[in-house]
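I have placed the structure first, in the form of structure tokens, so that the comments after it can refer back to it.
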């Protein structure tokens, strides 16, 4: 009898400890937009985009101003975030639409082991080589229904129907603002407010300021506003459940806007991301942070907060220290890749707070943007003026071929990266230093420059498909060096 009571006591104590530990584990939500540049939220300086809910989270949390993606390409970027690894270290997933190596753990899988309920609602665009991934998610849906094709249709429902006795990890992934602008067709003024007036649009210097381009941008703004609305609905539901304070929220995007000189670019318009963190119970130093961070840092952050053991496959570093000291330093360098996305490409970049340096390993072709961008009204306007010789240097860069083999920019003085300083005698030292850092990173992480990489699937002027099958696919970066087996992170 005494023995039985002792066993019952120890079992009850274990349950209590497990419960108390779960109470210390924050809920986690990742809101990830599709194709939204870093400066296209209101809180990041765009007055024409209505993002009141994201702005409110930023005002009461941390707004990161030096956050970078590892790829400006949908599935490689998302796969990188979910594994905490660089694209070429994920296997074939270095390129668009291809799979993550089977042996690599995903953050939802690791959080499940720590007692989390996991859900993906919305755009997935991630898979393993064997085709499986469903077991990483306790709930999985595509996020769309008639009248709402933005990927956010079930976010509130998922939040309402979660188990109440588990911490949760939600990957809420919208299709906003991916082309072709179904938001305009499904617009609900009573929910989202009026459609964007083209007069309120900010036209970046590398696009033509025409009515067609302004309407293209206005439709893009509309989908950002719809994304913001559903974030607000989830926040309201968390408040109603009285769990908002214990929920860590991150808002970011997978790559830049789907316009020329943005998506697929290594420049900030493609590779920099807005990153907002909100967690009333855990962020003790709110405000604007200029700390340099990479999106591969999110997975180790989540695992540390879940009280899990450090994972050897992560190449990022935890951001937890920044919640109490927002301007602390977790890394000196952030690295990014430009691999195949509709068109042949291979380039690499390294950033510090002050500088961005890139090397282009396929200089013969232009960086005109992905095929859906090439088919856009904005690109058509540029192409017509390009053929008549009417573009300024920033706009002409969309068609530049051959491109420079190296580019160097001083970020704060040149936010659009229009003044390439790589040939300047005054900057030889920083160019050599960053070139050396980039080479060390490529070497240590097993990156490679294949002789034959995937080639163009689409025409570069029309955006129309020119290869009807998969014959355009070839060796991916890192494949010959078995980079998916390498866990070294390189300089950081």
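Details
- C-alpha long axis of helix 2-24 to longest principal axis of the chain, angle in °: 30
- Ordering of 224-236, 352-364, 465-477, 200-212 by burial proxy (mean other Cβ atoms within 10 Å per residue, highest first): 224-236, 352-364, 200-212, 465-477
- Out of every Cα-Cα pair that the chain contains, those further apart than 38 angstrom amount to 23 percent.
- Degrees, to the nearest 10: 428-444 long Cα axis against longest axis of the chain: 50
- Cα centroids of the stretch 350-390 and the stretch 415-432: 19 Å apart.
- Counting all C-alpha pairs of the stretch 259-311, share separated by more than 17 Å (%): 56
- C-alpha center-to-center spacing [the stretch 23-67, the stretch 248-276] in angstrom: 12
- In the chain, the DSSP beta bridges split such that about 45 percent are antiparallel, to the nearest 5.
- Cα-based convex hull, the stretch 167-279, per residue volume (Å³, whole number): 122
- Using alpha-carbon coordinates, inclination of helix 377-388 to the longest axis of the chain, degrees: 20
- Simple spin-label estimate for residue 113 and residue 396 in nanometres, 7 Å along Cα-Cβ: 5.5
- Rg and Dmax of the stretch 349-492, based on Cα coordinates, read 17.8, 50 Å.
- Highest average packing first - 49-56, 390-397, Cβ atoms within 10 Å: 49-56, 390-397
- Here residue 242 and residue 189 are evaluated by their C-beta separation; at R0 = 22 Å the FRET efficiency comes out at 0.10.
- Using a cutoff of 8 angstrom between alpha carbon atoms and counting only pairs six or more residues apart, the relative contact order for the stretch 364-475 works out to 28 percent.
- Contact order, relative form, for the chain: 20 percent (alpha carbon pairs under 8 Å, 6 or more residues apart, mean separation divided by residue count).
- Isotropically averaged projected area of the stretch 205-339, using the convex hull of Cα atoms (one quarter of hull area), nm²: 10.4
Read the figures in this text as sums done on the coordinates, not as results from a lab. For clarity, every value in this text was computed on a predicted model and none was experimentally measured. Using ideal geometry, Cβ is built from the backbone for each residue, glycine included, and neighbour counts are taken over all protein chains shown.
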